[in-house]
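Here's the structure we're looking at; comments come further down.
The values are calculated or read from the model by the stated rules, or taken from the named source; none is laboratory data. These figures come from a predicted structure and were not determined experimentally. For neighbour counting, all protein chains shown are included, and Cβ atoms are generated from backbone atoms with ideal geometry for every residue, glycine included. What goes into the accessible areas is simple: the full protein's heavy atoms, side chains included, and nothing from ligands, DNA or RNA. Shrake-Rupley method; radii C 1.70, N 1.55, O 1.52, S 1.80 Å.
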Amino acid sequence: METYQYSKSQKLFSRASEIIPCGIYGHLGPAEACMIPVSAFPFYVDHAKGSHFWDIDGNNFIDYMCAYGPNVLGYADPDVEAAARKQAEIGNCTTLASPKMVELAELLVDTIESAEWAFFAKNGGDVTNLAMLTARAATGRKKIIKFNGGYHGVAPWMTALGYPGVIEEDMCNVISVPFNDLEAVRRAIEENPGNVACVIGTPYHHPAFGDNEMPVEGFWKGVRELCDKNGIVLIFDDVRCGFRLDMKGSDHHFGIKADLSCYCKALANGYNISALVGRQELKSAVGSVFYTGSYWLSAVPMAAAVACIHKMRELNAAELMLNLGKKFEQVMCAAAEAEGFRLHFSGASSMPFMRLEDDPNHSIHQAFIAECVRRGAFFANHHNNFINCALSEEDIRHTGEIAAEAFRAVKKDHADLLK
């Protein structure tokens, strides 16, 4: 199997580095995306279709990152693209709101079990931040309880001291506790009586650089009861998991109702829109918060979202992706075992986190991922991967072949790591 070369990507990145901070800034840049060694990875895409993308050097990749989640139906899905084109011909960013906003809100309320209203923005961090502001507006309280390592965006309160630009005052009202530790949540509430506005968490724990952790039996039910008892708003950050566990919402999947839920990645198959949904009692509070943006009422992403949600409902997308993910795990583990390695999977099968066992500093895993990418299966080193509805059985079978050859390359070319 021939390994890929990236001469055009590298030349373009050199140009970009002269005029763009970091060459490619944010989570898709080589450093932030943990593309190590960088020589193994492409930097720029030419086009994408279904479960594949092609870089500017013409290399074809089966994509298991799905743009870090938004590609849920498959790139350039014909139904979503047709809906977006039709709306673009009518109007997109206009002085007044489009009726598509009402249609999308009604569809979300009909789809998500705990949703009784919907508010739209652009990024996941927009709506996680709005959820926090809404909780403070509703309760008149300051404190936020979140879980260690939980990612909710890049606003200062969501990150940590030590990040450039983040100061102590940004974090003074944030209390971090371990995920799955109900007693720690209880203690945090008791130590801050009448001052906790919200508990925010992802439906299950999916940090970077570590195994993903499903909620233990009774955890979310216990958190829900603590919030009810103490007048605290429970926020589910469903930006990453949304529609990949349950079309009715991840809170429904785990047997509770959140007060507020944040959606983004799978909402519109790559069109830029996010949503905060919630229960009726918080509708006036969210309406009281001054929160807006220049393009937040754009109609094209709303039309794309309507088409995407309808299609996901028709496909039962969550179940489809969960089942495809199980097949992917089986093929990858079989390839590893055949070559004398052991792969460990954690988290939901629709967005699995994988790592090699017997690899304490992850250097072998890093080499393995690089060898996979060089042969056409695109993974991230230390982040959960994503399954999409366009992934085929043939894609999965071929990925197993790529993985097997990548393992052989690790044994041959990285023998020093195996000692």
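Structure summary
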read-out	value
MET158 being modelled with pLDDT under 95 and either of a type in the set (Val, Ile, Thr) or open to solvent by less than 30 Å² (accessible area, probe 1.4 Å) (or both)	yes
Residues of segment 92-101 classified as aliphatic (A, V, I, L, M) and open to solvent by less than 80 Å² (accessible area, probe 1.4 Å), total	2
Count of residues meeting criterion [open to solvent by less than 30 Å² (accessible area, probe 1.4 Å), closer than 21 Å to GLN280 by Cα and in contact with a helix residue (DSSP H, G or I) (Cβ under 8 Å, 6 or more places away or on another chain)] in segment 221-235	6
Which numbered condition MET351 fails, given (1) crowded, with 22+ Cβ neighbours inside 10 Å; (2) more than 23 Å from the chain's Cα centre (by Cα); (3) not hydroxyl-bearing (Ser, Thr, Tyr)	(2)
Positions within segment 29-71 being in contact with a Ser or Thr (Cβ under 7 Å, 6 or more places away or on another chain) and within 23 Å of SER17 (Cβ to Cβ), in sequence order	PRO42, PHE43, TYR44, ASP55, ILE56, ASP57
Filter result for PHE209 (modelled with pLDDT under 95 and either touching a Phe, Trp or Tyr at 6+ places or on another chain (Cβ under 6 Å) or open to solvent by 60 Å² or more (accessible area, probe 1.4 Å) (or both))	yes
Contacts under 7 angstrom Cβ, first residue in segment 79-93 being at positive phi, partner in a helix (DSSP H, G or I), 6 or more apart	GLY91/ALA299
In segment 64-78, residue farthest from GLY124 (Cα to Cα) [restricted to those that are touching a residue at least 40 places away in the same chain (Cβ under 8 Å) and open to solvent by 20 Å² or more (accessible area, probe 1.4 Å)]	TYR75
Qualifying residue in segment 386-397 (condition: open to solvent by less than 60 Å² (accessible area, probe 1.4 Å) and more than 24 Å from the chain's Cα centre (by Cα))	no
Residues within segment 165-187 that are over 24 Å from the mean Cα position of the chain (by Cα), part of a loop (DSSP other than H, G, I, E, B) and among the aliphatic types (A, V, I, L, M), tallied	1
Residue check, ALA335 buried (at least 17 other Cβ atoms within 10 Å of the Cβ), within 25 Å of ASP251 (Cα to Cα), in contact (Cβ under 8 Å) with a residue 24 or more places away in the chain and of a type in the set (A, V, I, L, M)	no
Residues within segment 334-379 that are assigned to a strand (DSSP E or B) and within 20 Å of GLY210 (Cβ to Cβ), tallied	8
Exclusive hit being part of a helix (DSSP H, G or I), within 21 Å of the chain's Cα centre (by Cα) and more than 16 Å from THR399 (Cβ to Cβ), set GLU314, GLU319, GLU329	GLU319
Answer from GLU183, GLU168 - the residue that is out of contact with any Asp or Glu (no Cβ under 9 Å at 6 or more places or on another chain), within 20 Å of ASN129 (Cβ to Cβ) and open to solvent by 40 Å² or more (accessible area, probe 1.4 Å)	GLU168
